[in-house]
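Below is one structure, written out as structure tokens, with a few remarks after it.
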Amino acid sequence: MIGLIAVTAAGRAAAGRLSAAWPEARCYDGPAAVAVPLAWQECDALVCFLAAGATVRLIAPLLESKATDPAVVAVDEATRWAVPLLGGHARDANDLARRVAEMLGAEPVVTTATDARGVPGLDTLGWPVQGAVAAVSRAILDGEPVRFEADATWPLPALPPNVGATGAVRLLVTDRLVDVDASTAVLRPPALVVGIGASRGAPADEIEQLVVAALAGAALSPLSVRHVATVDAKAGEPGIVEVAKRRGWVVVTHPAERLAAVAVPNPSAAALEAVGTPSVAEASALAQGGVLVVSKQKSAHATVAVARLRPRGRLALIGLGPGARDLLTPRAIDELRRASVIVGLDQYVAQVADLLRPGARVLASGMGAEEARARDAVEGARAGHAVALIGSGDAGVYAMASPALEFAGDDIDVVGVPGITANLAAAALLGAPLGHDHAVISLSDLHTPWDAIERRVRAAAGGDFVVTFYNPRSRGRDWQLAKALGILAGHRPPGTPVAIVREASRPDESVHLGTLADVDIEDADMRSVVIVGNSNTRIVAGRVVTPRGYRWLG
Ligand code: SAH
């Protein structure tokens with residue numbers, strides 16, 4: 001819930017615009033001295049249409065802790081600036097300020113140092129962090145050498161080049177309890193799964209003590225617990241639920257048959273009898289893989305075991321859109337900044353170079369190295385890194401997603417970010433050519449025999465589909481487009497619109513509009529798509545329009 005506090009006419013107008021657009025927003029009226037404390041109680045975030053100073057005075061007495069205080073963004077009377085005053089990282093106020101600014105045509109004023117420099121804040125990774133956070137953050141920002149040590153390769157965003165093998169301050173990534181000096185910050189990766197078995201009515205305190213002792217006995221940090229796990233039948237066991245609640249852990253449950261299939265060191269006949277699996281604690285800890293680091297520990301009414309998961313790397317398949325920066329989605333930008341390794345064709349990497357975090361490793365290669373790129377990306381993720389594999393348009397359309405996923409196993413996480421395709425960008429320039437069923441066909445016969453391509457062109461012709469041709473023509477492939485247009489001309493009128501759209505959304509963008517009878521295919525090349533209307537597509541006021549509901553001519 002976002003509380004909007006406005007006390008002037010201009011403020012109320014701006015708040016009204018936000019609340020009309022955001023279902024999660026609620027307007028607070030009346031004196032700010034009443035509205036701010038009330039909204040503070042009720043909301044996760046506040047947008048105050050008040051002077052920054054006034055806002056600061058009102059929230060000062062309410063401050064409790066960075067983790068629980070709401071985000072606060074102040075917006076000035078002229079709606080020129082959106083200033084995140086509180087919770088920049090911890091409560092996403094920086095992001096909220098950007099969203100507010102976007103809606104109101106204001107400028108977000110982001111003052112959190114790590115954001116301003118493009119360096120990820122230690123607290124933005126979403127993992128608990130302990131120790132000398134301020135000192136290490138400061139050193140990272142100031143470009144001083146920071147020693148980086150990690151027990152395993154976790155898919156972290158890129159860290160700047162001064163974070164490396166040496167340095168007086170240290171960033172440590174570990175699930176282990178270690179003695180840390182005053183110059184070490186410790187990031188706690190979500191590495192541990194605590195398996196819990198409990199007899200009915202097992203007291204929460206007993207279970208908690210057993211868990212705490214199991215972790216402490218193996219020198220493991222409770223902050224690295226990803227979740228607790230048990231058998232389905234114990235999903236509602238009050239003691240387990242209570243411990244998870246106290247600690248902020250999620251409870252994951254598994255069917256008994258599934259647990260019965262997990263090999264464990266200490267099976268028990270009693271458990272098999274009671275819940276249908278010879279192991280609950282050890283098997284639930286191991287149900288998602290990993291290795292057992294604490295074998296079964298028992299108390300009067302509970303059993304506990306702990307497994308350590310192998311980090312899973314992350315492969316983001318990111319479509320950059322047709323070229324223009326404002327056709328690159330915000331999600332694609334976030335994912336580019338989430339990655340530490342960027343893999344792509346050199347021209348695409350160059351297109352987004354300014355968005356990459358300092359320290360991101362770039363594996364750019366030239367045209368033709370598709371398979372090598374796909375392998376590089378998957379290998380990187382398999383090694384545990386956060387990899388972004390980028391492509392123009394959508395990364396899954398005649399692009400890198402398929403070769404990458406042909407190599408990828410289930411040992412990595414894959415995130416797809418859709419992009420605006422050349423087809424869509426070209427269509428938007430023309431009008432509404434894709435208003436009815438359409439087919440997309442690549443005329444490149446490098447990887448596909450021409451016979452197969454021709455068969456599809458004939459099928460699209462027979463089906464009266466609007467057709468978009470990708471890869472229409474190159475120096476070495478100069479006859480295919482004419483041949484394909486000839487096939488379509490056999491099934492639709494000579495006056496059918498044909499558009500060649502070159503470099504859509506890029507500086508050299510051009511559109512050539514003709515018909516099946518007169519189009520000049522010399523205008524097409526590898527930076528173009530060719531869109532051919534169906535038998536009902538018309539030119540209306542200079543725009544290509546394919547009617548949506550038409551009298552079918554068949
Ligand atoms: N993944 C991309 C397609 C890559 S295949 C997508 O989703 O759009 C490369 C072909 O896409 C080029 O030969 C050309 O036919 C087309 N193409 C890519 N960008 C284009 C643009 N901005 N304008 C016109 N055609 C484009």
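Couple of notes before you dig in:
- Any hit, the stretch 178-196, residues being outside any loop (DSSP other than H, G, I, E, B), within 24 Å of ARG382 (Cβ to Cβ) and touching an Asp or Glu at 6+ places or on another chain (Cβ under 8 Å): yes
- Verdict on PRO265 being assigned to a loop (DSSP other than H, G, I, E, B), free of Cβ contacts under 8 Å to residues at least 60 places away in the same chain and surrounded by fewer than 15 Cβ atoms within 10 Å (Cβ to Cβ): yes
- For the stretch 316-397, the helices (runs of 4 or more DSSP H) that sit wholly inside it and include 2 or more residues that are modelled with pLDDT of 90 or more and among the polar types (S, T, N, Q) are 346-351.
- Restricting GLY368, GLY359, GLY384, GLY391 to residues that are at negative phi and not assigned by TED's automatic domain parsing to the domain that holds ALA427 narrows the list to GLY391.
- Among residues of the stretch 374-406, those that are open to solvent by 10 Å² or more (accessible area, probe 1.4 Å), within 16 Å of the ligand (Cβ to nearest atom) and more than 17 Å from the chain's Cα centre (by Cα), counted: 8
- With respect to (1) touching a residue at least 40 places away in the same chain (Cβ under 8 Å); (2) assigned to a loop (DSSP other than H, G, I, E, B); (3) crowded, with 22+ Cβ neighbours inside 10 Å, the lone exception for ILE531 is condition (2).
- The stretch 134-172: number of residues that are open to solvent by 30 Å² or more (accessible area, probe 1.4 Å) and either touching a Phe, Trp or Tyr at 6+ places or on another chain (Cβ under 8 Å) or part of a strand (DSSP E or B) (or both): 7
- Check on VAL100, modelled with pLDDT of 85 or more and either in a loop (DSSP other than H, G, I, E, B) or touching a Leu at 6+ places or on another chain (Cβ under 6 Å) (or both): no
- From the options ILE500, ILE487, ILE521, ILE453, residue that is within 15 Å of the ligand (Cβ to nearest atom) and farther than 18 Å from VAL544 by Cβ: ILE453
The values are calculated or read from the model by the stated rules, or taken from the named source; none is laboratory data. As the structure is a prediction and not an experimental result, all values here were calculated from the model. Using ideal geometry, Cβ is built from the backbone for each residue, glycine included, and neighbour counts are taken over all protein chains shown. Only protein heavy atoms, including side chains, enter the accessible area calculation; ligands, DNA and RNA are left aside. Shrake-Rupley method; radii C 1.70, N 1.55, O 1.52, S 1.80 Å.
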